[in-house]
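A.B. asks: Structure in structure tokens, see below.
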Amino acid sequence: MTVYGDVFREALEVLHKEGRYREFAELRRIRGQYPKARYFCENYERDVTVWCSNDYLGMGQHPDVLAAMHNTLDVTGAGAGGTRNISGTSIYHVKLEAELAELHRKDRALLFNSGYMANQATLATLARLLPGCTILSDAMNHASMIEGIRHGRCNKVIWKHNDLADLEDKLATLIHEQPKVIAFESVYSMDGDIAPIADICALAHKYNALTYLDEVHAVGMYGKHGGGIAERDGLLDQVDIIEGTLAKAFGVMGGYIAAGSDIVDAVRSYAPGFIFTTSLAPVLAAGALASVRHLKQSGDERALQQEHAVILRRKLAERDLPVMDAPSHIVPVMVGCPVRCKALTDRLLDEFSIYVQPINYPTVARGTERIRLTPGPLHGPDEIAKMADALDQLWARFELARAA
């Protein structure tokens, strides 16, 4: 055991030396007071304001969602009881899949336990079912997409991030009749930039490719009904497969795909990550269903969130802080050093009761370490001003680079 223990210790020492060892903050979200949470440390506890949550719209606190989950818990109990094939399909799963299919104007949808699992299982299955398939993957795609492509053991081509010319160059080298899938995201979570979906779909049509669009950071956030960037831009009929999550804007848990009936049925029938996994708990499916239905009808949360993102970005820019210019709801601020990034977020927590998680390698490239702020509809003017002032003070103290 000594030899094995040395290997693990040495691996952990590398992370500590590079300043990117990850520590988890122990939080208890406070119902009805989003974005407040109770922070627990070794010798004390106190309330903090969370600025890095993926519960973008606070739907994890919404009364409709909580009521649906309470009712379902009382009616069904806690767990699903099995895989979808063996006793684990409930009316809540069926209704949620139908709601998601309608949201994206597709024939069918399929639930997974997470967005990661949806990407990994679906892309791997597509690669294995399509003979001689090539998947063309954007260079900034999420780890779950990369993992799915790897497990599919097909030909993989990486194209430069959001670079249409590079994508077309690579498509042009492939045989027209050869099966191919263009895999990309709508909103990229670390930079906050948005893919040129219409142009990518046009290239897919020209070169006989399927399109696989990860909308996890966009569903609930964009479009009249929360159907994502593809809905906002009127492109739902142009995208073949849409993957989304129920754990971000919808505020609960789970992932899904929406596509044509045969595609969804093939993934349902062949993907080990779906077949051999206990299904999502009915209480979670019911909560997600309530959230999707609410955001289909209400645009208030989206509008207020976007307004607060604009205000925060402006206040940071006024202080010459290096906020990255992005058209989405995500507000990244560049630090460029893992050690300083961690020190900065520690001071935010200790001195200002503001919780932000440092974003380091491998989530982002080395030298691009940052904090990633996600203002929500309930981050009011006082919270926004406090955040901007706190960062301004700490930037000066740590002598960090300002915007040019």
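A.B. asks: Can you give the charge dipole size of region 225-358 about its Cα centre, rounded to the nearest 20 debye, using +1 on the beta carbon of Lys and Arg and -1 on the beta carbon of Asp and Glu?
C.D. replies: The dipole magnitude comes to about 360 debye.
A.B. asks: Calculate what fraction, in whole %, of the accessible area of region 75-127 sits on carbon and sulfur atoms when a 1.4 Å probe is rolled over the protein chains.
C.D. replies: C and S atoms contribute 55 percent here.
A.B. asks: Taking 8 Å as the Cα distance limit and 6 or more residues as the minimum spacing, I'd like the relative contact order of region 16-111 as a percentage.
C.D. replies: Computed value for region 16-111: 12 percent relative contact order.
A.B. asks: Once the Cα atoms of helix 91-103 and of the chain are each reduced to a long axis, what angle between those two axes, in degrees from 0 to 90 to the nearest 10, is obtained?
C.D. replies: Result, in degrees: 90.
A.B. asks: Taking the Cβ of Trp395 as the centre, find all other residues whose Cβ is under 12 Å away and add up their charges (Lys, Arg: +1; Asp, Glu: -1).
C.D. replies: Around Trp395, the surrounding residues sum to +1.
A.B. asks: Kindly identify region 240-371 as rounded, prolate or oblate by the Cα gyration tensor criterion: order the square roots of the eigenvalues as a ≥ b ≥ c, call it rounded if a/c is under 1.5, otherwise compare a/b with b/c, prolate if a/b is larger, else oblate.
C.D. replies: prolate
A.B. asks: OK, next. Could you work out what % of the accessible surface of region 281-357 is carbon and sulfur, using a 1.4 angstrom probe and leaving DNA, RNA and ligands out of the count?
C.D. replies: Using a 1.4 Å probe with all protein chains present, region 281-357 comes out at 52 percent carbon and sulfur.
A.B. asks: How far, in nm, would the chain grow between Leu129 and Gln297 when pulled straight, counting 0.36 nm per residue and subtracting the alpha carbon separation?
C.D. replies: Length gained between Leu129 and Gln297: 56.7 nm.
A.B. asks: Looking at the P(r) of the chain, how many percent of alpha-carbon pairs lie beyond 41 Å?
C.D. replies: Here the long-distance tail beyond 41 Å is 16 percent of all Cα pairs in the chain.
A.B. asks: How would you order 127-136, 167-176 from highest to lowest mean count of nearby Cβ atoms within 10 Å?
C.D. replies: Going from most to least packed, we get 127-136, 167-176.
A.B. asks: Here is a further query. Going toward the positive end of the dipole of the chain, with +1 on Lys and Arg Cβ and -1 on Asp and Glu Cβ, which of Leu304, Pro332, Phe352 do you reach last?
C.D. replies: Going by the charge dipole, the pick is Phe352.
A.B. asks: Could you tell me the calculated FRET efficiency between Asn85 and Ala143, based on Cβ-Cβ distance and R0 = 41 angstrom, to the nearest 0.05?
C.D. replies: Efficiency computed from Cβ-Cβ geometry: 0.90.
A.B. asks: Starting with the highest mean, order 382-395, 286-299 by the number of other Cβ atoms within 10 Å, averaged over the residues of each peptide.
C.D. replies: Taking the mean over residues of other Cβ atoms within 10 Å, the ranking is 286-299, 382-395.
A.B. asks: Here's something else I'd like to know. Hey, can you find the accessible area per residue of the chain for me, probe 1.4 Å, expressed in square angstrom?
C.D. replies: Value for the chain: 45 Å² per residue.
A.B. asks: List the aspartates and glutamates whose Cα lies under 14 Å from the Cα of Lys156, skipping any in the same chain that are fewer than 8 positions away.
C.D. replies: Within reach: Asp138, Glu147.
A.B. asks: Oh, and also: Which whole-number percentage describes the relative contact order of region 130-286, with Cα contacts under 8 Å and a sequence gap of 6 or more?
C.D. replies: 15
A.B. asks: Here is a further query. Quote the FRET efficiency, to the nearest 0.05, computed for Arg105 versus Arg31 with a Förster distance R0 of 35 Å and r equal to the Cβ-Cβ distance.
C.D. replies: 0.50
A.B. asks: Please work out the C-alpha center-to-center distance from region 371-404 to region 156-229 and express it in whole Å.
C.D. replies: First find each Cα centre; the distance between them is then 33 Å.
A.B. asks: Still on this structure, please answer the following. Please list the equivalent ellipsoid semi-axes of region 231-313, computed as the square roots of five times the alpha-carbon gyration tensor eigenvalues, in descending order and whole angstrom.
C.D. replies: 28, 18, 11
A.B. asks: With a cut-off of at most 14 other beta carbons within 10 Å, and DSSP calling the residue loop, which GluC sites (Glu not before Pro) in region 175-269 qualify? Please list them.
C.D. replies: The qualifying sites are Glu177.
A.B. asks: Then there's this: Relative contact order of the chain, please, whole-number percent, based on alpha carbon pairs below 8 angstrom and at least 6 residues apart.
C.D. replies: Taking the mean separation of contacting Cα pairs over the length of the chain, I get 21 percent.
A.B. asks: Above 20 angstrom, tally the Cα pairs of region 99-198 and express them as a % of all pairs, no decimals.
C.D. replies: Tail of P(r) above 20 Å: 44 percent of Cα pairs.
A.B. asks: Still on this structure, please answer the following. Add +1 for every Lys or Arg and -1 for every Asp or Glu among the other residues with Cβ under 13 Å from the Cβ of Cys41, and state the total.
C.D. replies: -4
A.B. asks: Quick one: Cα centre-to-centre distance for region 286-317 and region 42-67, in angstrom?
C.D. replies: 15
A.B. asks: Along the positive direction of the dipole of region 27-128 (beta-carbon charges: Lys, Arg +1; Asp, Glu -1; about the Cα centre), which of Ala118, Asn54, Ile30 reaches farthest?
C.D. replies: The residue sitting most towards the positive pole is Ala118.
A.B. asks: A further question follows. Output the peptides 254-262, 156-164 sorted from most to least packed, where packing is the average of other Cβ atoms within 10 Å over each peptide's residues.
C.D. replies: Put in order of decreasing packing, that is 254-262, 156-164.
A.B. asks: Answer rounded, prolate or oblate for region 155-286, using the Cα gyration tensor with square roots of eigenvalues a ≥ b ≥ c: rounded when a/c is under 1.5, else prolate when a/b is larger than b/c, else oblate.
C.D. replies: Judged from the Cα gyration tensor, region 155-286 comes out oblate (a/c at least 1.5, b/c at or above a/b).
A.B. asks: Could you give the length gained on full extension between Phe24 and Arg347, defined as 0.36 nm per residue of separation minus the Cα-Cα distance, in nm?
C.D. replies: Full extension of this stretch gives 114.7 nm more.
A.B. asks: Then there is this: If you take every residue apart from Leu344 with its C-beta less than 13 Å away from the C-beta of Leu344, what net charge results, scoring Lys and Arg +1 and Asp and Glu -1?
C.D. replies: Taking every other residue near Leu344 into account, the sum is 0.
A.B. asks: To continue, here is another question. Please give the calculated 222 nm ellipticity per residue for the chain, where each DSSP H segment of at least 4 residues contributes -39500 (n - 2.57) and the sum is spread over every residue; nearest 500 deg cm²/dmol?
C.D. replies: So the calculated ellipticity at 222 nm is -13500 deg cm²/dmol.
A.B. asks: Calculate the dipole size of the chain relative to its Cα centre from +1 charges on Lys and Arg beta carbons and -1 charges on Asp and Glu beta carbons; express the result in debye to the nearest 20.
C.D. replies: 420
A.B. asks: Using DSSP, restrict attention to beta bridges with both residues in the chain and report what percent are antiparallel, rounded to the nearest 5.
C.D. replies: Restricted to the chain, the bridges split so that about 60 percent are antiparallel.
A.B. asks: Just to be sure I understand the model, the point goes 7 Å from the Cα along the line to the Cβ. What's the resulting His16 to Glu168 distance in nm?
C.D. replies: 5.3
A.B. asks: Calculate the FRET efficiency for Asn155 and Asn43 from the Cβ-Cβ distance with a Förster distance of 45 Å, rounded to the nearest 0.05.
C.D. replies: The value I calculate is 0.25.
The values are calculated or read from the model by the stated rules, or taken from the named source; none is laboratory data. Since this is a predicted model, take the numbers as computed values, not measurements. Here the Cβ is made from the backbone with ideal geometry for all residues, glycine too, and neighbour counts use every protein chain on show. Protein only, heavy atoms only, side chains kept; ligands, DNA and RNA dropped before computing areas. Shrake-Rupley method; radii C 1.70, N 1.55, O 1.52, S 1.80 Å.
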